[in-house]
Amino acid sequence: MSAVRRLTSAAIRARKGARFPVITAYDTPFARCAEAAGVDVILVGDSLGMVVLGYDSTTPVGLDDMCRHGAAVARGTTRAHVIVDMPFGSYETSDADAIRSAVALVRAGASSVKLEGGIAVAPRIAALVGAGIPVVAHIGVLPQTAAIGAGYRRKSDRAGLLADARAVEAAGAYAVVLEMVESAIAAEITRALAIPTIGIGAGAECDAQVLVLHDVLGLYADAPPFAKRYAELASVATNALRAYASDVRAGTFPAAPSAAEGGPSPAGGDAPVYTTASAPKA
């Protein structure tokens with residue numbers, strides 16, 4: 001039996017003109033959920049700094065963080081293509097540093113890497129592609145530097161955005177994220193490029209859409225206005241934990257043990273308590 005092969009960057013590039021979903025994930029359980037839902041392109045975004053690690057921005061996230069979470073997502077999937085963000089400071093200084101960082105991410109489980117910037121980073125994209133590492137570009141609002149620069153303002157510089165998009169495509173990127181780009185400009189960029197555009201807050205005409213998992217599931221209180229919530233898991237989790245705490249305080253959990261749970265065995269002797277799969281994880 002042949003091993004299941006992950007979706008390749010070439011296959012994603014071939015989706016140009018066909019709508020497809022992308023979602024972020026940062027750990028094994030939610031990566032499994034995404035793949036089970038039929039989402040086969042998963043972004044391990046440095047947004048984990050805000051929605052998982054509690055930072056105010058993505059800037060503090062380091063390469064070790066991305067390797068760790070990228071590896072967790074890779075372990076939780078079999079076919080999905082796992083894009084991993086190159087964090088701030090991991091690619092700006094030189095081609096050699098960028099390649100070294102990207103190799104670390106690929107070794108951790110990344111199928112491809114993503115970095116932010118347009119014309120300015122096109123040579124870096126070309127170096128990575130030349131080293132055999134597939135690259136997704138990212139233009140428009142650049143979260144890694146937005147907090148220390150221009151902020152999270154919607155981008156409307158048509159000429160500059162088109163130039164950035166063409167530069168990253170020419171450098172070899174197989175797809176490009178358009179973040180908070182005016183929808184008409186995003187549509188024009190999508191028509192102008194031969195590679196897929198992945199929109200986030202950039203209108204409906206991009207080839208793909210990406211959202212942050214915690215925004216979709218209602219796990220992050222400060223979701224951007226363009227995000228859509230499909231569930232309110234924070235409330236579900238809080239209510240479940242409240243019920244657990246109430247049972248413990250009332251003495252109703254744990255219940256009186258049965259034989260399977262370590263109580264007296266009807267046949268005498270020791271009854272097996274745990275299988276490998278059900279053993280406590282704490």
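Only a single criterion out of (1) touching a residue at least 24 places away in the same chain (Cβ under 8 Å); (2) touching a Gly at 6+ places or on another chain (Cβ under 9 Å); (3) assigned to a loop (DSSP other than H, G, I, E, B) is not satisfied by LYS114, namely (3).
For segment 53-76, filtered to residues that are buried (at least 17 other Cβ atoms within 10 Å of the Cβ) and in contact (Cβ under 8 Å) with a residue 60 or more places away in the chain, the residue that is nearest to ARG13 (Cα to Cα) is THR58. Scanning segment 136-159 for residues that are on the phi > 0 side of the Ramachandran plot and surrounded by 22 or more Cβ atoms within 10 Å (Cβ to Cβ) yields a single hit, GLY140. Here ALA31, ALA3, ALA11, ALA37 are screened, and the one residue that is surrounded by fewer than 24 Cβ atoms within 10 Å (Cβ to Cβ), farther than 30 Å from ALA170 by Cα and at pLDDT 95 or above is ALA37.
Residues of segment 98-141 that are touching a His at 6+ places or on another chain (Cβ under 8 Å) and among the basic types (Lys, Arg): LYS114 alone. Against the test of being touching a Lys or Arg at 6+ places or on another chain (Cβ under 6 Å) and either among the hydrophobic types (A, V, I, L, M, F, W, C) or modelled with pLDDT of 95 or more (or both), the options ILE23, ILE83, ILE42 yield a single qualifying residue, ILE83.
Being over 20 Å from ALA31 (Cβ atoms), in a loop (DSSP other than H, G, I, E, B) and under 18 Å from the mean Cα position of the chain (by Cα) narrows it down to one residue among ALA223, ALA227; which is it? Going through ALA223, ALA227 in turn, the sole match is ALA223. Sort out which residues of segment 174-215 are outside any strand (DSSP E or B), of a type in the set (Gly, Ala, Ser), within 21 Å of ALA120 (Cα to Cα) and touching a Lys or Arg at 6+ places or on another chain (Cβ under 9 Å), and write them in order of number. Hits for segment 174-215 are ALA192, ALA194. With the condition kept exactly as written, say whether any residue in segment 152-161 is within 27 Å of ASP56 (Cα to Cα), in a helix (DSSP H, G or I), among the hydroxyl-bearing types (Ser, Thr, Tyr) and modelled with pLDDT of 95 or more. No, there is no match, as no residue in segment 152-161 is within 27 Å of ASP56 (Cα to Cα), in a helix (DSSP H, G or I), among the hydroxyl-bearing types (Ser, Thr, Tyr) and modelled with pLDDT of 95 or more.
The values are calculated or read from the model by the stated rules, or taken from the named source; none is laboratory data. This one's a predicted model, so the numbers in the text were calculated from it and none came from an experiment. All Cβ positions, even for glycine, are placed from backbone atoms using ideal geometry, and neighbour counts span all protein chains on display.
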